[in-house]
1. Given 83, 93, which one is touching a residue at least 40 places away in the same chain (Cβ under 8 Å), more than 10 Å from ligand 1 (Cβ to nearest atom) and outside any strand (DSSP E or B)?
2. Give the residues of segment 82-93 that are over 11 Å from the mean Cα position of the chain (by Cα), within 12 Å of ligand 2 (Cβ to nearest atom) and surrounded by 12 or more Cβ atoms within 10 Å (Cβ to Cβ), sorted by residue number.
3. Go through (1) within 16 Å of residue 17 (Cα to Cα); (2) within 12 Å of ligand 2 (Cβ to nearest atom); (3) touching a helix residue (DSSP H, G or I) at 6+ places or on another chain (Cβ under 8 Å) for residue 74 and report which single condition fails.
4. Of everything in segment 69-81, what is farther than 13 Å from residue 13 by Cβ and surrounded by 12 or more Cβ atoms within 10 Å (Cβ to Cβ)? Give them in sequence order.
5. Filtering segment 56-70 down to residues that are in a strand (DSSP E or B) and within 16 Å of ligand 1 (Cβ to nearest atom), which residue is nearest to residue 24 (Cα to Cα)?
6. I'd like to know if segment 42-51 contains one or more residues that are within 9 Å of ligand 2 (Cβ to nearest atom), closer than 24 Å to residue 5 by Cα and surrounded by 16 or more Cβ atoms within 10 Å (Cβ to Cβ).
7. In this structure, does residue 54 turn out to be more than 15 Å from ligand 2 (Cβ to nearest atom) and modelled with pLDDT of 90 or more?
8. From the set of residues in segment 1-55 that are in a strand (DSSP E or B) and in contact with a helix residue (DSSP H, G or I) (Cβ under 9 Å, 6 or more places away or on another chain), which is nearest to residue 99 (Cα to Cα)?
Ligand code: SF4
Ligand code: SF4
């Protein structure tokens, strides 16, 4: 049975994992071609960056948080492009292994 967790007091999976950073991967969530974010020029300019191969990804801020994440990790957060978030974001389930790993990495119990 999965633990019920509140994403609005977390935000851990909206940050680039340590494992990625250690390997020098600065591009985290890929923005799939069907994502509405790509078809809103204002949002695309602000929140999307292309990797050296031209594949769009969510833009990370200098702290390696998604640039669309607002608030303080582990306290109160929200996704400022929730309706436009890419498929990868929609696939993470609260309470899943990936979720729990992200929380642990960020020190969120
Ligand atoms: S790590 Fe889990 S609880 Fe935290 S925001 Fe992501 S899915 Fe929600
Ligand atoms: S787009 Fe929203 S849900 Fe996806 S990583 Fe960024 S803040 Fe999190």
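The values are calculated or read from the model by the stated rules, or taken from the named source; none is laboratory data. Just so it is clear, the model here is predicted, and its values are computed rather than measured. Please note: Cβ atoms are built from the backbone with ideal geometry, for glycine as well, and neighbour counts cover all protein chains shown.
1. Details: 93 fails: more than 10 Å from ligand 1 (Cβ to nearest atom).
None of the others qualify; the one that does is 83.
2. Listed by number, the list holds a single entry, 84.
3. Failing condition for residue 74: (2).
4. Residues of segment 69-81 that are farther than 13 Å from residue 13 by Cβ, as a first pass: 70-72, 75-76, 78, 80-81.
Those that are farther than 13 Å from residue 13 by Cβ and surrounded by 12 or more Cβ atoms within 10 Å (Cβ to Cβ): 70, 71, 76, 78, 80, 81.
5. That would be 60.
6. First, pick out the residues of segment 42-51 that are within 9 Å of ligand 2 (Cβ to nearest atom): 47.
Subset that is closer than 24 Å to residue 5 by Cα: none.
No, the conditions are met nowhere in segment 42-51.
7. Values: more than 15 Å from ligand 2 (Cβ to nearest atom): yes; modelled with pLDDT of 90 or more: yes.
Yes.
8. At the first step, the residues of segment 1-55 found to be in a strand (DSSP E or B) are 15, 30, 48-50.
Next, from what is left, pick out any that are in contact with a helix residue (DSSP H, G or I) (Cβ under 9 Å, 6 or more places away or on another chain): 15, 30, 48.
On the way: 15: 11, 30: 18, 48: 23 Å.
It comes out as 15.
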